[in-house]
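First comes the structure, then the notes that go with it.
The values are calculated or read from the model by the stated rules, or taken from the named source; none is laboratory data. These numbers were taken from a predicted model, which means no experiment stands behind them. We place every Cβ from the backbone using ideal geometry, glycine too, and count neighbours over all the protein chains shown.
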Amino acid sequence: MTARILVIKLGALGDFILALAPFQAIRRHHPDAAVTLLTTRPYEPLARASGWFDDVWIDSRPQLWQVGGWWALRRRLRSAGFDRVYDLQTSDRSGWYFRLFGSAPPEWSGVAPGCSHPHRNPARDSLHTVERQAEQLAAAGISSVPAPSLAWLDADVGNFALPDRFVAIAPGGAAHRPEKRWPADHYAALAVRLVEKGLTPVIVGGPDEAAAAAAIRAGSPAAVSVVGRTSLLDIAGIARRAQAAVGNDTGPMHIAAAVGCPSLVLFSAASDPALCGQRGPAVAYLRRAALADLAVDEVEAALRLR
């Protein structure tokens, strides 16, 4: 009988990218199982492109008052016959999902009270996400979590007519966390210097970055913006072809770092690279308590090109 495995990873983008190695390790540990991922809509294309999952479920994330949504999720989880669950979200929400199974839950890797394979390290929250997840999987019998094979994390980006030599700029970040953003006028000044070196700045991000992109282009008209026009796979394709990437502690920089683009990530006191920093073969960080105090000269000097 084919084993049925559920992996839970709901987001956000950076956390999803940092879970790619665990996804691969789980797939390799259960080569003949039917492996399902429970995630949220934005990450479905990445999950399907990876080839590591037999099915991808979209979590409706019911609110506490949405009783019908909770009952529907309960029925779906219980009827699937999962033998084991790897909860890589390890949040209050996913802990409630454990409770939905009732008195006879499947084997469960995570931190939910009463689960069969708990990650017991009391200092787990002081570990970087990568090391924390590796420890969690080791407690469930998966001793090796190597760097993921990411040949699939790419896209044909010919429709963007990118220049031959360019640097990707990711000026975005969560709208409710402005303290995580290097000022747009600083990016504009950096863009001017890149152009002087024969490098075209290519601005990436979602629709929320439109204002930042416009400000950068106002200061450096040679910059190119693809903001709001890319999928997550497109961002990977752009990063693979860039000479370097520079940006805030935001999801696109996780993608750039993961695919091997030389990446410089700018951190404020609002986040700590020791806990959530981008991982990849060529990543560097600059950190200031207030990002407005980080000088353009220092960022330019720290940026490394292929």
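Hey, does the stretch 1-19 have a residue that's surrounded by fewer than 16 Cβ atoms within 10 Å (Cβ to Cβ) and basic (Lys, Arg)? Break it down stepwise before answering.
Our first condition is that a residue be surrounded by fewer than 16 Cβ atoms within 10 Å (Cβ to Cβ); within the stretch 1-19, this holds for 1-3, 12.
Still in the list and also basic (Lys, Arg): none.
No; the residues of the stretch 1-19 include none that is surrounded by fewer than 16 Cβ atoms within 10 Å (Cβ to Cβ) and basic (Lys, Arg).
Here are some conditions: (1) on the phi > 0 side of the Ramachandran plot; (2) in contact with an Asp or Glu (Cβ under 8 Å, 6 or more places away or on another chain). GLY219 meets all but one. Which one does it not meet?
Of the numbered conditions (1) on the phi > 0 side of the Ramachandran plot; (2) in contact with an Asp or Glu (Cβ under 8 Å, 6 or more places away or on another chain), the odd one out for GLY219 is (1).
When you check ARG240 against the structure, is it among the basic types (Lys, Arg) and either outside the structural domain of LEU199 (by TED's automatic domain parsing) or farther than 22 Å from ALA211 by Cβ (or both), yes or no?
Values: among the basic types (Lys, Arg): yes; either outside the structural domain of LEU199 (by TED's automatic domain parsing) or farther than 22 Å from ALA211 by Cβ (or both): yes.
When the stated conditions are applied, ARG240 passes them.
Please verify whether VAL85 is modelled with pLDDT of 95 or more, assigned by TED's automatic domain parsing to the domain that holds VAL35, in contact with a helix residue (DSSP H, G or I) (Cβ under 9 Å, 6 or more places away or on another chain) and buried (at least 21 other Cβ atoms within 10 Å of the Cβ), treating the condition exactly as stated. Give the derivation first.
Working: modelled with pLDDT of 95 or more: yes; assigned by TED's automatic domain parsing to the domain that holds VAL35: yes; in contact with a helix residue (DSSP H, G or I) (Cβ under 9 Å, 6 or more places away or on another chain): yes; buried (at least 21 other Cβ atoms within 10 Å of the Cβ): yes.
So VAL85 fits the description; yes.
Has the stretch 117-126 got any residue that is at pLDDT 95 or above, small (Gly, Ala, Ser) and on the phi > 0 side of the Ramachandran plot? Write out each step before concluding.
If we filter the stretch 117-126 for residues that are at pLDDT 95 or above, which is where we start, we get 117-126.
From what's left, small (Gly, Ala, Ser): 123, 126.
Now narrow it down to the ones that are on the phi > 0 side of the Ramachandran plot: none.
No: the stretch 117-126 contains no residue that is at pLDDT 95 or above, small (Gly, Ala, Ser) and on the phi > 0 side of the Ramachandran plot.
If you scan the stretch 195-209, which residues turn out to be more than 14 Å from ALA170 (Cβ to Cβ) and either among the hydrophobic types (A, V, I, L, M, F, W, C) or touching a residue at least 60 places away in the same chain (Cβ under 8 Å) (or both)?
Passing the criteria: VAL195, LEU199.
GLY277: touching a strand residue (DSSP E or B) at 6+ places or on another chain (Cβ under 8 Å) and more than 23 Å from PRO163 (Cβ to Cβ), yes or no?
On the way: touching a strand residue (DSSP E or B) at 6+ places or on another chain (Cβ under 8 Å): yes; more than 23 Å from PRO163 (Cβ to Cβ): yes.
So GLY277 fits the description; yes.
Quick one: in the stretch 169-194, which of the residues that are in contact with a Ser or Thr (Cβ under 7 Å, 6 or more places away or on another chain) and farther than 16 Å from VAL265 by Cβ is surrounded by the fewest Cβ atoms within 10 Å (Cβ to Cβ)? Quick ask: steps written out before the conclusion?
Let us first name the residues in the stretch 169-194 that are in contact with a Ser or Thr (Cβ under 7 Å, 6 or more places away or on another chain), namely 170, 172-173, 179-180, 188, 191-192.
Add one more test, that the residue is farther than 16 Å from VAL265 by Cβ, and what stays is 188, 191-192.
Working: ALA188: 21, ALA191: 27, VAL192: 17.
Per the criteria, the residue is VAL192.
Residue under question is ALA258, and the condition is that it be under 21 Å from ARG177 (Cα atoms) and in the same structural domain as LEU194 (by TED's automatic domain parsing); does it hold? Quick ask: steps written out before the conclusion?
Values: under 21 Å from ARG177 (Cα atoms): no; in the same structural domain as LEU194 (by TED's automatic domain parsing): yes.
No; evaluated as a whole, the condition is false for this residue.
Of everything in the stretch 20-45, what is closer than 19 Å to PHE98 by Cβ and crowded, with 18+ Cβ neighbours inside 10 Å? Give them in sequence order.
Residues of the stretch 20-45 closer than 19 Å to PHE98 by Cβ: 22, 26, 35-40.
Of everything in the stretch 20-45, those that are closer than 19 Å to PHE98 by Cβ and crowded, with 18+ Cβ neighbours inside 10 Å turn out to be PRO22, ILE26, VAL35, THR36, LEU37, LEU38, THR39.
A quick yes/no check of all residues on (1) surrounded by fewer than 14 Cβ atoms within 10 Å (Cβ to Cβ); (2) touching a Phe, Trp or Tyr at 6+ places or on another chain (Cβ under 6 Å); (3) on the phi > 0 side of the Ramachandran plot:
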position	(1), (2), (3)
PHE53	no, no, no
GLN63	yes, no, no
GLY68	yes, no, no
THR90	no, no, yes
PHE101	no, no, no
GLU135	no, no, no
SER149	yes, no, no
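Looking only at the stretch 192-199, decide whether some residue is in contact with a Lys or Arg (Cβ under 7 Å, 6 or more places away or on another chain) and among the aliphatic types (A, V, I, L, M).
Step one: filter the stretch 192-199 for residues in contact with a Lys or Arg (Cβ under 7 Å, 6 or more places away or on another chain), giving 198-199.
If we keep only those that are among the aliphatic types (A, V, I, L, M) as well, we get 199.
Within the stretch 192-199, one or more residues are in contact with a Lys or Arg (Cβ under 7 Å, 6 or more places away or on another chain) and among the aliphatic types (A, V, I, L, M).
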